[in-house]
Structure formats: C-alpha cells, structure tokens
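The values are calculated or read from the model by the stated rules, or taken from the named source; none is laboratory data. Keep in mind that what you see is a predicted model, and the values were worked out from it rather than measured. All Cβ positions, glycine included, derive from the backbone under ideal geometry; neighbour counts span all protein chains shown. For the accessible areas, the whole protein counts, side chains as well, though only heavy atoms, and no ligand, DNA or RNA atoms are used. Shrake-Rupley method; radii C 1.70, N 1.55, O 1.52, S 1.80 Å.
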Amino acid sequence: MIDYEEELRKFEPIQDVADAEGAIYNREMTDVLDLLKEMMKEKRSKNIRRK
Amino acid sequence: MNCMNCGALLTDMDYCPGCGCDVMVQKKACYLANLYYNQGLEKASIRDLSGAISCLRRSLTFNKYHIQARNLLGLVYFETGEVVSALSEWVISKNLQPSGNLAEEYIKILQANPNKLDSISESIRKYNHALAYCREGHEDMAMIQLKKVLSQNPKLIKGYHLLALLQIREKSYNKARRILKKAARIDKTNTTTLRFLREIDEQTGVSTNLEKRGWNESDEEEKAGRTYTSGNDVVIQPPAFGESSVVTGVMTFFLGIFLGAIALWFLIVPVKTQQIHQEANDQVQEYSDAITSKEAELESLRAQVRSAETAAQEEETLRESAQTTLQSYDQLLVAYQLFVAPKPDSTEEEEAARNTVVAALAQVNRDVLTENAKGIYDAIKAGQNITDDELLTASGATPASEEQTPDGEEDLSGEEDTGEETGEEDWE
C-alpha cells in the first residue's frame, strides 16, 4: 500500500533553467581514474617519506 | 588512449611506454566505461530511459571524458523532461571537448528556439508550484496545475508521477493508470512508474498491459523474417509468402464480392427492413391519432346538434303554448262579446248566439287563462247555462256522460272538473 505522505516526500523540485549554472558547478566530476591518480599520488608521497 | 600519469600514448602493453606506470586498471576502467555506454545506448534505443541513465552514469563514473556517453546522457535527460540536467551534461561535454562535439549542436538547437526553452522553464516552475501545493494540502489546485504542466511539457515524467500519485490518493485508479501508461511510453522501466502501476494492479485486481495494441509489430516481424540462433549459427527464416496467380486473384475477388453480399444481407438489410417497419408503424400511429381526434370532434358536433334540436323542440312547445293561450283568449273574447251583447228578440237567434258562445268556449283552454279570465269564463258558462258535455261535444270530444260504464259507474275524471259541475247544478 502506497503511503501518500511518504511518497510525496520523495518528490524533489526540478531545477529551473535559470539555475543551470549552479547545477553545472555543483556537479560531482570525480571518476575512477581520478581516484586512481589520487591513490598513485598518495603512494608516491608515502614512498618519498619512507626514503 | 593516453596514460593518466604522463599523458603518453598507450600501447597493448599493461605498462605505459613513457613513464612505466601500470595502466591495466586504467584500461579496465575505460573498457567498463565503453561497455556501460554500449548498454546505455541499447537501452535508450528501446526507450528504457531509466536503465540508460543508470548505465551512462556508470560509464561516466569510470571515465568522465567519455563524451559520447555524456552527450547521450544529456539527450536521455532531455527526453525525460530534465532539461537542466541535460544542459549541464552538454555544457560539461562541450567544455571537455570544445571542437567536434555533438553537444554543441544540441545546445545551439535549444538556444535557437527561445520560446520552447521558456515554455519548458515555465512548465518546470509550474511543476514546482504544484509540488508546493501538494505539500500544503491543496491537492485539487496541484492537479489542475499538473494538467497544465503536462499539456505544456508532455515529456516531464515527474509530472506524470505526481499526478498519478494524487489520483491514487483519490482512489481514481483508472485515471492514474492512464497517466502512468503515458509515462511508461516515454520511459518503459522507470521504477516509480512500475511501482505505482503495481499498486494500482493490486488495488483494482486488474493487471496493466503496457504492450502496444496492434498488429503491425507481428506483421513487420513476418515481413522481415524471423531470426534466431542455433548454437553459434544465426538462422534467418525467410518470410512466408503466398502463391499469387490470375485464377487465385479472380477467385479472391468473387469471394470478396460474395462475402460483401452476405454482410449486406445479414447486416444492412435487416436494419433497413426494421427502419421501414418503424416508419410504417409511425404513420399508422399518426393516422390512428388523427382518426381518434376526428371522432372526438364528430361526437362533439353531434352533441351540439342534439342540444340544438332540444332547444328547437322547447321553442316549438313554447310557441304552441303561446298560440293556444292566444287562441283561448280570442275565443273567450268572442264568447264575452256575445255574452254581453243585447239579447236577441227571437228564440232562434238567441239559440244561435248561445251555440256560438258554446262553440267559442269549447275552443278555450281554461288552464292557460289567468284568474280574472277564468272568472269571466266561469261567468259566461254560468250565464249561458253551458254544461261540460256541451263543451266537449262542441270541441269534438266524447262527453263524460257517454263514457259511463254499463253498470252506471261514473268516470272519476269527469268529477274532477270542479266548478263546471257546480255551475250546472246551480243553473238546474
């Protein structure tokens, strides 16, 4: 049985076209390759510290 | 593909020829991004937009520089009414690859039609208003607003969902089903659509059929021929076709005419016959009504004639009565003139005058006279010694004395004429 109030809470307002700029800036752009790069950087920095 | 570490062009080896970095994971990620893009493309082509969005987002999670996946994701967002998301994807795509990018075309097309963009923007604002109305408890206002939104932007899946939710709340399950069917035509596998439809199916006990009705699909399959795999082989079954010849054509033509005639006989003729009978019945009914009204009119006229006849008879009776009265007074005057005239000298003349008086009085109907006239009548009768028998004899009727029975019984009717008898007795 669908609970109306609960279902209504799931609906979010749609972003207006005027707010498109903000939506673009707030977009999460990290991908797996970024994570890999981050991991490689961390690994390198650890290796430098050990040395 | 370039190395993510140094940017050198990669080869088939798992290590970068420039920096010697292990690029196997990078290659795997790119491979997965391509795989998900292909899956997303396949799903988008069969209007499984939710599935396509899911696959394309995964593809971009593995490789955010996958321009085709990003452009396709924007296109799919646009198709579901999420214009801002679509524009975001295309703008990012254009920034990542400024030249030779399809996203530029999409943005140009959208910007070339500002009215369309304004309409979409307005519909989004209205949707947000409708959502606010729902949260404030003004569901009826929200429904009106959502109907406007969907007429303005018929691709807005969320609008269909919200309207369907409101219809479900009001237990208008059939309306909600129709709305969700429209949503399912845009996006076949949207989880919200399917969840609401399942709820409606449970409530109504009727399962919703999302397949398109029609014969075209099967016909097209037949025309194209059936393809299936048997092991590693792809078997294409050629479409079946019928042998066509002149004889077959002629036979088909006559069969068509025959079937048409049968259809005419069994479908159109009964309808026409029924129509004719109906018209005849209507006419008979009309004539019957006319006859009834004429008969009523005739009866009324007959009643008028009878009334007129009765009135004429009464008039005749009155006229006769008046004539009798007038005649009675005439004769009474005659008798009175002779009665008051000087007595003749001779006995014969006197007798003749008396006879004239008797004849005159015999013509008088005493019942129609006034009281004074009756007094004159009685005086004349007494003065001339006139008996009732004489009067009756003079008037031509049978005297009462002659009507006596052989036993000597007197007629009682003669005794009722009081006055005359008394006068006669007085005279004797």
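Any idea which residue in region B:20-40 is nearest to A:MET40 (Cα to Cα), counting only those that are outside any helix (DSSP H, G or I) and open to solvent by less than 60 Å² (accessible area, probe 1.4 Å)? That would be B:CYS21. In region B:1-15, of all residues being under 12 Å from B:VAL25 (Cα atoms) and open to solvent by less than 70 Å² (accessible area, probe 1.4 Å), the one that is nearest to the other protein chains (Cβ to nearest Cβ) corresponds to B:MET4.
When we screen B:ALA261, B:ALA312, B:ALA303 for residues that are under 43 Å from the mean Cα position of the chain (by Cα), surrounded by 10 or more Cβ atoms within 10 Å (Cβ to Cβ) and among the small types (Gly, Ala, Ser), the only hit is B:ALA261. Figure legend. Inter-residue proximity from region B:84-97: first residues at the interface with another protein chain (Cβ under 9 Å from one of its Cβ atoms), second residues buried (at least 20 other Cβ atoms within 10 Å of the Cβ), beta-carbon distance below 6 Å, spacing 6+ or different chains. Indicated pairs: B:SER85/B:TYR77; B:GLU89/B:ARG70; B:GLU89/B:LEU73; B:GLU89/B:GLY74.
Among the residues making up region B:44-68, those that are within 57 Å of the chain's Cα centre (by Cα) and open to solvent by less than 70 Å² (accessible area, probe 1.4 Å) are B:ALA44, B:ASP48, B:LEU49, B:SER50, B:GLY51, B:ALA52, B:ILE53, B:SER54, B:CYS55, B:LEU56.
Quick check: is even one residue across region B:98-108 open to solvent by 60 Å² or more (accessible area, probe 1.4 Å), away from chain A (no Cβ under 14 Å), under 26 Å from B:ILE157 (Cα atoms) and of a type in the set (Lys, Arg)? Walk me through it before giving the result.
Here is the first cut: in region B:98-108, the ones open to solvent by 60 Å² or more (accessible area, probe 1.4 Å) are B:98-100, B:102, B:105, B:108.
This time we only want the ones that are away from chain A (no Cβ under 14 Å), so: B:98-100, B:102, B:105, B:108.
In the following step, the residues that additionally are under 26 Å from B:ILE157 (Cα atoms) were identified as B:102, B:105, B:108.
Next, only the ones that are of a type in the set (Lys, Arg) stay: B:108.
Within region B:98-108 (the criterion being open to solvent by 60 Å² or more (accessible area, probe 1.4 Å), away from chain A (no Cβ under 14 Å), under 26 Å from B:ILE157 (Cα atoms) and of a type in the set (Lys, Arg)), the answer is yes, since at least one residue qualifies.
Is there a residue being among the hydroxyl-bearing types (Ser, Thr, Tyr), within 43 Å of the chain's Cα centre (by Cα) and outside the structural domain of B:ILE53 (by TED's automatic domain parsing) anywhere in region B:78-94? Scanning region B:78-94, I find no residue that is among the hydroxyl-bearing types (Ser, Thr, Tyr), within 43 Å of the chain's Cα centre (by Cα) and outside the structural domain of B:ILE53 (by TED's automatic domain parsing), so the answer is no.
Could you go through region B:163-181 and let me know if any residue there is closer than 30 Å to B:SER45 by Cβ, in contact with a Lys or Arg (Cβ under 6 Å, 6 or more places away or on another chain) and modelled with pLDDT of 90 or more. First the steps, then the outcome.
Here is the first cut: in region B:163-181, the ones closer than 30 Å to B:SER45 by Cβ are B:163-165, B:176-181.
Still in the list and also in contact with a Lys or Arg (Cβ under 6 Å, 6 or more places away or on another chain): none.
Within region B:163-181, none of the residues are closer than 30 Å to B:SER45 by Cβ, in contact with a Lys or Arg (Cβ under 6 Å, 6 or more places away or on another chain) and modelled with pLDDT of 90 or more.
When only residues in region B:166-191 that are hydrophobic (A, V, I, L, M, F, W, C) and surrounded by fewer than 22 Cβ atoms within 10 Å (Cβ to Cβ) count, which is farthest from the other protein chains (Cβ to nearest Cβ)? It would help to see each step written out before you state the result.
So the first thing to find is which residues in region B:166-191 are hydrophobic (A, V, I, L, M, F, W, C), and the list is B:166, B:168, B:176, B:179-180, B:183-184, B:186.
Add one more test, that the residue is surrounded by fewer than 22 Cβ atoms within 10 Å (Cβ to Cβ), and what stays is B:184, B:186.
Numbers: B:ALA184: 17, B:ILE186: 15 Å.
Here the answer is B:ALA184.
Applying the condition of being of a type outside the set (Phe, Trp, Tyr), more than 9 Å from chain A (Cβ to nearest Cβ) and closer than 15 Å to B:ILE186 by Cα to region B:74-83 and asking which residue is most open to solvent (accessible area, probe 1.4 Å) yields B:LEU75. Residues in region A:13-50 that are more than 30 Å from B:TYR31 (Cα to Cα) and either among the small types (Gly, Ala, Ser) or facing chain B (nearest Cβ under 8 Å) (or both): A:PRO13, A:ILE14, A:GLN15, A:ASP16, A:VAL17, A:ALA18, A:ASP19, A:ALA20, A:GLY22. Picking from residues in region B:111-149 that are farther than 22 Å from A:TYR4 by Cα and small (Gly, Ala, Ser), the one that is nearest to the other protein chains (Cβ to nearest Cβ) is B:SER121. Looking at this structure, is B:ALA341 open to solvent by less than 60 Å² (accessible area, probe 1.4 Å) and under 60 Å from the mean Cα position of the chain (by Cα)? For B:ALA341, the condition - open to solvent by less than 60 Å² (accessible area, probe 1.4 Å) and under 60 Å from the mean Cα position of the chain (by Cα) - is not met.
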